[in-house]
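Values in this text are rule-based calculations from the coordinates and carry no lab data. Computed from a predicted model, the values in this text were never measured in an experiment. No Cβ is skipped: glycine too gets one built from the backbone with ideal geometry, and neighbour counts run over all protein chains shown.
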């Protein structure tokens, strides 16, 4: 479904990504993990068009994404959430989700101004779809409330619903449980499982290893801009290279261990 071939990304003399090869199959939940600063967020930025690769290719269903703008990539069927929540806090939950459907509405400016029959019909369908998506994440009872009143965990759920409103086939989640307590994490895990069960493919970055291991069917590990391991959770958990990447080594030749702030 999504393929990265020899992807490179440099910032000045710093090689953030070096020949990254990765294939995300259709269906299920795929995880990308690695120590802070490994380049995980840069991978997402390249896939979604926020940055352009310095080498290699990124293809979605065989189409090269090079040079495409973020909104063009969204229309192809990719949606993304961010580490920092990005919702419209002064709008209702329903309005937030309806914003996500904007690229699929076809009534045009004139239809909007004249409140044409086409506009009214599409607006009604958009509202119905928004309420349906809010029900998927357990927020349907709060549809008409202002988003600013939501708890942190519910704001994350709203962001998920809005991403789903773009009708993606591949959903990219950037640290979906960052800052959550255990109960909130359990809720989000259930929501993501339900989304995957509806036929969406999920590709996520996450630092919480218990969450990743309990949710993902396949996991790739990125370290110093290179993929060092790929496999099932049990294979990743016992992989010596992965253990070293996270914990470092006890000898004098040990490289940097996890714990430094994400730079890429």
Obtain the nm distance between the two label points defined at residue 181 and residue 69 by a simple spin-label model: each point lies 7 Å from its Cα along the Cα-to-C-beta direction. 4.3
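Quick one: compute the contact order of the chain, relative version, from alpha carbon pairs under 8 angstrom and 6+ residues apart, as a percent.
Details: 476 pairs, mean separation 74.9, N = 264.
Rounded, it is 28 percent for the chain.
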Label residue 149 and residue 15 with points 7 Å out from Cα along Cα→Cβ: what is the distance between them in nm? 5.4
Using only Cα atoms and rounding to the nearest 10 degrees, what angle (0 to 90) does helix 117-136 make with the longest principal axis of the chain? 40
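On alpha carbon coordinates alone, what is the Rg over Rh value for the chain, Rh being the Kirkwood radius? Intermediate values should be presented prior to the final figure.
Numbers: Rg = 19.6 Å, Rh = 19.6 Å.
Radius of gyration relative to Kirkwood radius: 1.00.
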Pick out which of 76, 94, 158 has the largest mean-square fluctuation in a Gaussian network model of the chain, springs linking Cα atoms closer than 10 Å. 76
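With r defined as the distance between the Cβ atoms of residue 241 and residue 54 and R0 fixed at 35 Å, what FRET efficiency is calculated, to the nearest 0.05?
Details: r = 25 Å, r/R0 = 0.72.
Taking R0 as 35 Å, the efficiency between residue 241 and residue 54 is 0.85.
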When only C-alpha pairs under 8 Å and at least 6 residues apart count, what is the relative contact order of segment 125-196, in percent? 33
Tell me the angle of helix 182-197 to the major Cα principal axis of the chain, expressed in degrees between 0 and 90 and rounded to the nearest ten. 70
Taking the 0 to 90 degree range and rounding to the nearest ten, how far is the long axis of helix 152-164 tilted relative to the main principal axis of the chain, both from C-alpha atoms? 70
Taking 0.36 nm per residue of separation between residue 135 and residue 209 and subtracting their Cα-Cα distance, the length gained on full extension comes to 23.8 nm
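What is the calculated FRET efficiency for residue 194 to residue 128, with r their C-beta to C-beta distance and R₀ = 25 Å, to the nearest 0.05? Write down the numbers at each step before the final one.
Numbers: r = 19 Å, r/R0 = 0.77.
Calculated value: 0.80.
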Per-residue ellipticity at 222 nm for the chain, helices alone: DSSP H runs ≥ 4 residues times -39500 (n - 2.57), over residue total, nearest 500 deg cm²/dmol? -11000 deg cm²/dmol
